[in-house]
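J.: Below you will find the structure I want to go over with you.
The values are calculated or read from the model by the stated rules, or taken from the named source; none is laboratory data. Please read all numbers here as calculations on a predicted model, not as lab measurements. Ideal geometry is used to build each Cβ from the backbone, glycine not excepted, and the neighbour counts take in all protein chains shown. With ligands, DNA and RNA removed, areas are computed over all heavy atoms of the protein, side chains included. Shrake-Rupley method; radii C 1.70, N 1.55, O 1.52, S 1.80 Å.
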Amino acid sequence: MSQGNIRNTRIIIDRLETLYKEASCSLDFESPLQLLIATQLAAQCTDKRVNMVTQDLFKKYKNAEDFANADIKELEEYIKPTGFYHNKAKNIKSCCQSIVEKFNGEVPGNMEDLLSLAGVGRKTANVVLGDYFGIPGIVVDTHAGRLARRMGLTEQKDPVKVEFELMEIIPRDKWTGFCHRLVYFGRDCCKAQKPDCLNCILNDICPKIGV
């Protein structure tokens with residue numbers, strides 16, 4: 001990466017931190033299991049809708065054993081508003097069965113074990129590690145991938161490749177917060193269809209301005 005791009009990366013980090021000082025995960029959770037389930041439900045669904053669904057879901061299913069023993073049809077009804085509920089219910093039940101059988105009912109706090117769970121990819125694992133266990137991770141969702149490409153931080157389209165390229169240029173202690181700020185920024189300003197380039201705090205350095 002050129003010195004100019006390195007400088008721009010630092011500027012992007014600093015300005016987003018100034019704009020979104022308190023950026024955090026927008027999913028509601030009180031435990032690593034709740035965050036794990038909520039993140040799985042958030043696939044192809046808004047966090048706002050997931051939070052509405054999990055209000056009742058987490059009252060019904062309080063731990064991994066409850067999910068592991070859940071009637072699949074009943075679980076589907078609870079999570080139906082999040083979409084793709086057949087696959088999500090199947091993965092959540094299987095995931096929690098593994099948590100009970102292999103990890104004594106506790107969500108593991110490392111990438112390798114998390115990835116062994118049904119329905120858990122690097123994105124979900126990084127959310128749980130970063131937002132509950134305090135282990136920095138790059139979460140590449142739709143917003144993060146799109147904005148990283150738009151800002152010239154990567155040309156990759158594959159989320160895993162984007163993750164590893166961002167790991168090289170973003171300081172490790174900034175990983176989790178930076179991704180939250182990209183989400184906020186993608187919702188507020190740098191929207192997919194009509195980015196507000198005129199009022200963008202990065203319009204002096206963005207290589208895709210007006211595109």
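J.: Quick one: divide the alpha-carbon radius of gyration of the range 1-125 by 2.2 N^0.38 Å and tell me what you get.
T.: 1.26
J.: Considering just Cα atoms, how many Å³ per residue does the convex hull of the chain enclose?
T.: It comes to 116 Å³ per residue, whole-number rounded.
J.: Continuing with the same structure: Of all accessible surface on the chain at a 1.4 Å probe, what whole percent is carbon and sulfur?
T.: The nonpolar share, carbon plus sulfur, comes to 48 percent.
J.: Could you point to the residue in 45, 31, 85 farthest towards the positive end of the chain's charge dipole, with +1 and -1 charges on the Cβ of Lys/Arg and Asp/Glu respectively?
T.: So the residue furthest toward the plus end is 45.
J.: Calculate the dipole size of the range 123-211 relative to its Cα centre from +1 charges on Lys and Arg beta carbons and -1 charges on Asp and Glu beta carbons; express the result in debye to the nearest 20.
T.: In debye, rounded to 20, the range 123-211 gives about 260.
J.: If you wrap the range 45-119's Cα atoms in a convex hull and average its projection over all directions, what's the area in nm²?
T.: Dividing the Cα hull surface by four gives the mean projection, 4.8 nm².
J.: Could you state the per residue volume, in Å³, of the convex hull enclosing the Cα atoms of the range 66-191?
T.: 116 Å³
J.: Further question: Taking H placed 1.01 Å from N in the peptide plane, check which residues at least 5 places from residue 206 or on another chain put their amide H under 5 Å from its amide H.
T.: Hits under the 5 Å cutoff: none.
J.: Another question, then. Give me the dipole magnitude in Debye, nearest 20, for the range 138-178 about the Cα centre, with unit charges on the beta carbon: positive for Lys and Arg, negative for Asp and Glu.
T.: 160 debye
J.: With charges only on Cβ, +1 for K and R and -1 for D and E, what is the dipole size of the chain about its Cα centre, in debye, rounded to 20?
T.: With Lys and Arg at +1 and Asp and Glu at -1, about 760 debye.
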